[in-house]
Amino acid sequence: MSETAATNAHPGLLEKQFESLQTQHEARKLGMWIFLATEVMFFGGVLTAYTLYREMYLPGFVQGSHFLEVTWGAVNTGVLILSSLTMALAVRSAQVGARKLVTLGFLGITMLLGAAFLAIKFIFEWRHDYVEHLVPGIDFTYAGPHPAHVQLFFCFYFFLTGLHALHLIIGIGILAVLCLMAWRGRFSPQYYSSLEVAGLYWHFVDIVWIFLFPLLYLIGGR
Amino acid sequence: MQGQHIVPVKTYVGVFVALILLAALTTALAYVPMGIGNTVAALAIAVAKMALVALFFMHMRYDKGLTRIVIIAGLMWLAIMITLTASDEFTRHWSPIPSNWGPAISMPQKQ
Amino acid sequence: MNGMAICVAPRIIAGVLFPLHPPAASTIARDVDDLYFTLTGITLFFTFLIFGLIFYFMIKYRRRSENEIPRDVKTSMPLEITWTLVPTLISAILFVWSARLYVKNSEPPAGSMEIFVIGKQWMWQLQHPEGAREIDELHVPVGVPIKLTMTSQDVIHDFYVPAFRIKKDVLPGRYSSIWFEATKVGEYDFACAQYCGAEHAAMTGRVYVMKEPDYAKWLASQSNGKSMAQTGQQLFVSLGCATCHAESTGGKYPTLAGVYGHSVKLRDGRTIVADDAYLRNAISKPGTEPVAGYAPAMPSFQGQINEEQLLDLIAYIKSLGTQESQTAVQ
Amino acid sequence: MSVDVAELSTRSCVHYLNASYGIKSWLLTTDHKRIGLLYLVSITFMFLVGAGAAALMRLQLLEPYGAIVQPETYNKLFSIHGIIMVFFFLIPSIPAVLGNFLVPLMIGAKDVAFPKLNLLSWYIFVLGSLFTLYCVIFGGVDTGWTFYTPFSSMYSNTHVLAAALGIFVTGFSSILTGLNFIVTIHRMRAPGMTWFRLPLFIWSIYATSIIFVLGTPVLAITLFLLTLERVLHVGIFDPAVGGDPLLFQHLFWFYSHPAVYIMVLPAMGVVSELVAAYSRKRIYGYSFVAFSSLAIAFISFLVWGHHMFVSGQSIYAGLVFSLMSFLVAIPSAIKVFNWTATLYKGSISYDAPMLYALGFIGLFTMGGLTGLFLASLATDVHLNGTYFVVAHFHYIMVGGAVMGFMGGIHFWWPKITGRLYPDKWARLAALIIFAGFNLTFFPQFMLGYLGMPRRYAVYPAQFQVLNVMSTAGATILGIGYMIPLIYLLWSMRYGPVAGPNPWRAKGLEWQTPSPPPEENFEETPIVTEEAYSYASVPPEKSRV
């Protein structure tokens, strides 16, 4: 590894292919933004299918949507927004060079909020749907009008919320790693790119939910 | 690091409050029957919330052009996919009506 | 058609070994071929132009000494604009030409004779309204526009008659249609052109284009005495449709006389034309597009009747439409 | 650019190949050059599997009733051939092998932006390949590479899941590779390497990466939906519950049509390099060629519906897609004209890579123009789903992408290995490949026009002569591909030492020793001139 002036100043922080920490930081940020564009298309594929079916089979989709608990959806929206705030504050604490316990604290709260979201999702929503026999492919019985389209709605509901939950679980895993890094005092006003990049990802997961909530829970009025 | 904008806590909290209010608004509006208006309002609010998160929490407001181009490209490609797919699905039934079909009268209804 | 002259010699040799054109036996085949040959001409022209230039430059400007360094040639803007505009112009002309032809070809002429096609792994079943049913064979009269209404019982198939230059996917769960008017008496191949499983390649058949009197004779010899509509009427009774959809129910359920081809008001406020696709849905998936003014009480017949019976039922309902004037008089 | 070439060749004793030894040093490497070679080995293996399937297919079609296998087996052969050649050979071929090796070298960087991610991409690719090979060994898949529903979701009883999973996994390898390239090209360029000094190969890789990043996730999610549908029968594409099989086709082709450009755009980049180097001239209309790459990447996302003109798609959508499909031909035409114009008043040598490049230009012209038959609605109705389509896309993918890949491998082989291959054999192989290719695929255009549908295990006897011609061509093509495999392997040990710049080409990669040192350049190069400045008088001065 060639030792330039920059690496000497920040040993172990600068990877050898970069000229400076600044370039490294910008490259990582750009990489994450591009990854998020990829994610937009990833969710976009399902959203396209969802949009079209929803237009074609609106009555059935409204019917299905009315099985969902708006309250839990709204509470979860609040939980995720709050977690985004704490995430942003965690990044900020590193930017301003706050004590590592501050960063650690914000990261911890963010993780807890993420876990709370998942808990609400699992315990109050999915389990409930399962008890009500509303899980297509596993146990689906529904006697009202438009049975096929209600089933289709639940397909998308589980697929979209499941995909979102998966992203959140991965996010919590990333935050756990960051906590470890923060504990070791790796972050400073000079070096916080992993923190910022993970933040971008976390906020993106929040944005996905911001769209899923009205699209799934609030169809055609209540 | 040089050139990095540090957003004041006050701004973050302000954005948070705005987001919560918008979330409450979108939930409340769902109970007001507006027909297609419900969907339009819900999506408009969602877009506003996305903009707030992206601009402040994700620092897009303080970033140079490139990140904006990336995210706009992502959204544009999504729009292409939805629009062109919809252009098929929604015009498929517009096939020309054969001229031998009778005049359009509604079905006889007997009461 | 620049390439035509160049092709003459190889054509004579090649023509002995294998056919050079598929037979052109429908009214649209000639039009499609005109476009095809124009495109071939354009392709040959540019291929020869590019290969020609490459060979010419290769020889003229071959490297003569190892240390040779050619002078730069400045990019000429007019040249760049020319070879941007010329392909654009050619593309625009071709697009308009092909699009007009396609739109024209996609609409069956008024009063076309209708034949029904069902694809299933791995055979074609064809039904004439008069009752004749064929497997992997299609008899049609020459000079009569014929509309094929097609559906599949399982996967996606594709009905392709090369001699007529027509092709269309045959999908499960909906009707698609194409039309043709044969111009020459003879036998032509048809094939499945959408991969559909193990015996995809065996899903072929033959079209017999006959003079009209011959066709009438053939039809008479084939018919088991019952038209599709008549078979449909029997089904209508045996499946119990008649118990509800009859005059005697006093308007609790809709009667079906005169429905076909007319607008129907749906409960959600939309108005829809009761065509084959609508009737198919109404029978196999009642409740998706319920009619205004009636309780959605009809049970689904999905799984109880096959595509063939569906078509028979629709043919019967269609025949009720034509009887409408008579009922009105009575 | 003032480094003395002679001095360089004497210094090059430690390079990326001999800096460390042992299997572990390769499997854990983060050096973009070594990762490029890892890809080269993997895709060559996959190519041989796919080519084996193709050979059996051509043998089968010697006889109208099918010469060697049952239809079920034939269906598996063409499915495997398509899946492997598209996803495991063509898509990673130039980007992952040459792109990995060259992008940092050409822009004067030490490595790609995320070397560990780069290695991860390769492992993901290997994992995807293993799923696919599992599928091949344990019974195969018979859906075709297109996986049309409801056949793939409900009717096929072969290993659809393994195949879909293989492609799904490999997709992430493409995404990460594309992401890495975009960031590298944006952030890692050497001082003075402005956008308009970049070699055109970089422009085309950049355009390709855009498609990787924005297209591939849609394929991934589509196959995920297919998997879900197949396992749980939830009805997303099942017409019985209102699902729309055409929606699958839309989502599939949203990626899979741009994927064609993933294959051919990098080859266009390679050809730009080759034409410039072997005629010793700056590419004519540099900026037109550069921007046409971006235009192709963009428009390629608007044309996918031309695969569905006879599918029951709305005719209005058909009109839009047809117009767009005609439009995408224009930037391709601009490229062809500019390459041809580059030859004008050049100093053209007939080295093997140049033969491939010129072959590419001609064959791509034919492939592109026959694409117009399929963009044009009325003729597409007749030709869709026939051998005409097969011939057309093989002209683009084999006549185009593979020719470009072979040309590129030959051009940069001295840089990669430090050795020269026997030039006479290379030229002979190029000619054999060109001849064999045309004999294989030209008859297929005629078969398609005559009305022979694709994916037929047996066929009417009238088509036999043309099919036998095609099989004969395929035999020649196969021999043509074997020759380079032998002499390139031979040259690694016995070839004469190449020196840093055997072709006397311009470009940063030629200003470092062959093989390059681990960090690519002894010191970060500073770029002061445009790409391809072969002329002794720089163009800026001549204008004064």
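Each reported figure results from applying straightforward, stated rules to the coordinates on display, with no laboratory input. Keep in mind it's a predicted model, so treat the numbers as computed, not measured. Glycine gets a Cβ as well: all are built from the backbone with ideal geometry, and neighbour counts include every protein chain shown.
Taking only Cα atoms, what is the 0 to 90° angle, nearest 10, from helix A:147-183's long axis to the longest principal axis of chain A?
Approximately 20 degrees, to the nearest ten.
For the protein assembly as shown, what is the largest minus smallest coordinate of the Cα atoms on each principal axis, given in angstrom and ordered from greatest to least?
Extents along the principal axes, in whole Å: 107, 82, 58.
Count, for each residue of D:452-464, the Cβ atoms from other chains sitting within 10 Å of its Cβ, then give me the mean as a whole number.
The mean count of partner-chain Cβ atoms within 10 Å per residue comes to 5.
Quote the convex hull volume per residue of segment D:122-238, based on C-alpha atoms, as a whole number of Å³.
Spelled out: Cα convex hull of segment D:122-238, divided by residues, is 112 Å³.
What FRET efficiency would be calculated for the residue pair D:Trp26, A:Phe122, taking the C-beta separation as r and a Förster radius of 41 Å, to the nearest 0.05?
The pair D:Trp26/A:Phe122 has a calculated efficiency of 0.40.
Take each complete run of DSSP H in chain C, measure how far its Cα atoms stretch along the helix's own axis, and keep only those covering 18 Å or more with mean Kyte-Doolittle hydropathy at least 0.5; list them.
C:29-60, C:77-106
What is the local net charge at C:Pro23, summed over the other residues whose Cβ is closer than 14 Å to its Cβ (Lys, Arg +1; Asp, Glu -1)?
+1
How would D:Val103, B:Val40 line up from fewest to most surrounding beta-carbon atoms within 10 angstrom?
Lowest to highest Cβ neighbour count: B:Val40, D:Val103.
How long are the semi-axes of the equivalent ellipsoid of segment D:1-160, taking √(5λ) for every eigenvalue λ of the Cα gyration tensor, in whole Å from largest down?
Output for segment D:1-160: semi-axes of 41, 17, 13 Å.
Taking every pair of distinct Cα atoms and averaging 1/r, then inverting, what Kirkwood hydrodynamic radius in Å comes out for segment C:62-177?
18.8
Where q = 0.15, 0.23, 0.30 Å⁻¹, what log10 of I(q)/I(0) comes from the Debye formula for segment C:104-167, counting one point per Cα?
Listed by q, the Debye log ratios stand at -0.49, -1.14, -1.52.
List the residues whose amide H sits under 5 Å from the amide H of C:Ile156, counting only those 5 or more places along or on another chain, with H placed 1.01 Å from N in the peptide plane.
HN-HN under 5 Å from C:Ile156: D:Phe151.
Net charge within 9 Å of A:Leu68 by Cβ-Cβ distance, Lys/Arg positive one each and Asp/Glu negative one each, not counting A:Leu68 itself?
Cβ neighbours under 9 Å give a net charge of -3.
So what are the three principal axis dimensions of chain C from its Cα atoms, in whole Å, longest to shortest?
Sorted from largest, the Cα extents of chain C read 100, 49, 42 Å.
Using θ = phi - 60° and the Karplus curve 6.51 cos²θ - 1.76 cosθ + 1.60, what whole-Hz ³J(HN,Hα) does each residue of segment D:450-455 get, with Gly and Pro shown as x?
5, x, 8, x, 7, 6
Between the helical axis of A:100-119 and the dominant principal axis of chain A, each derived from Cα atoms, what acute angle in degrees is found, rounded to the nearest 10?
Approximately 10 degrees, to the nearest 10.
Looking only at other chains, what is the average number of their beta-carbon atoms within 10 angstrom of each beta-carbon in A:12-18?
So the per-residue partner count for this stretch is 5.
Between C:Ser300 and A:Leu112, with labels modelled 7 Å along Cα→Cβ, what's the label distance in nm to one decimal, could you check?
Output for this residue pair reads 4.8 nm.
Given segment C:228-324 reduced to its alpha-carbon atoms as identical point scatterers, what log10 I(q)/I(0) does the Debye formula return at q = 0.15, 0.19, 0.21, 0.22 Å⁻¹?
-0.54, -0.92, -1.17, -1.30
Net charge within 10 Å of D:Thr149 by Cβ-Cβ distance, Lys/Arg positive one each and Asp/Glu negative one each, not counting D:Thr149 itself?
Around D:Thr149, the surrounding residues sum to -2.
Check cross-link reach from D:Lys415 to the lysines: straight Cα distance under 27 Å, and skip same-chain residues fewer than eight apart.
A:Lys16, D:Lys24, D:Lys33, D:Lys110, D:Lys116, D:Lys281, D:Lys335, D:Lys424, D:Lys506
Cα-Cα pairs above 43 Å in segment D:5-543: how many percent?
15
Bins of 10 Å, beginning at zero and ending with the bin holding the largest distance: percent of Cα pairs per bin for segment A:19-217, please.
Using 10 Å bins, I get a P(r) of 8, 32, 30, 17, 10, 3, 0 for segment A:19-217.
Could you please rank C:Arg71, D:Arg189, placing first whichever residue has the fewest other Cβ atoms within 10 Å of its Cβ?
Exposure proxy ranking, most exposed first: C:Arg71, D:Arg189.
What do you get for the angle between helix D:352-375 and the principal long axis of chain D? Use alpha-carbon atoms, 0 to 90 degrees, nearest ten.
30
Over segment B:1-58, what portion of Cα pair distances is larger than 19 Å, expressed as a whole percent?
41
How far apart, in nm, are two points set 7 Å out from the Cα along the Cα-to-Cβ line at C:Ile272 and at D:Phe138?
Simple spin-label model gives 4.4 nm for this pair.
What percent does the relative contact order of chain D come to when contacts are Cα pairs within less than 8 Å and at least six residues apart?
20
Considering amide H positions built from the backbone, and no H for Pro or chain starts, which residues 5 or more places from D:Arg419, or on another chain, come under 5 Å of its amide H?
It is D:Ala498, by chain and number.
Let me confirm one metric for peptide D:182-188, namely the mean number of other chain beta-carbon atoms within 10 Å of its residues' beta-carbons.
Mean inter-chain Cβ contacts per residue within 10 Å come to 6.
Can you show me the helix-derived [θ] at 222 nm for the protein assembly as shown, built from DSSP H runs with n ≥ 4 at -39,500 (n - 2.57) apiece and divided by the number of residues, rounded to the nearest 500.
The helix-only estimate for the protein assembly as shown comes to -19500 deg cm²/dmol at 222 nm.
For D:Ser292, D:Ser272, what's the fewest-to-most ordering of other Cβ within 10 Å of each Cβ?
Fewest to most other Cβ atoms nearby, the residues stand as D:Ser292, D:Ser272.
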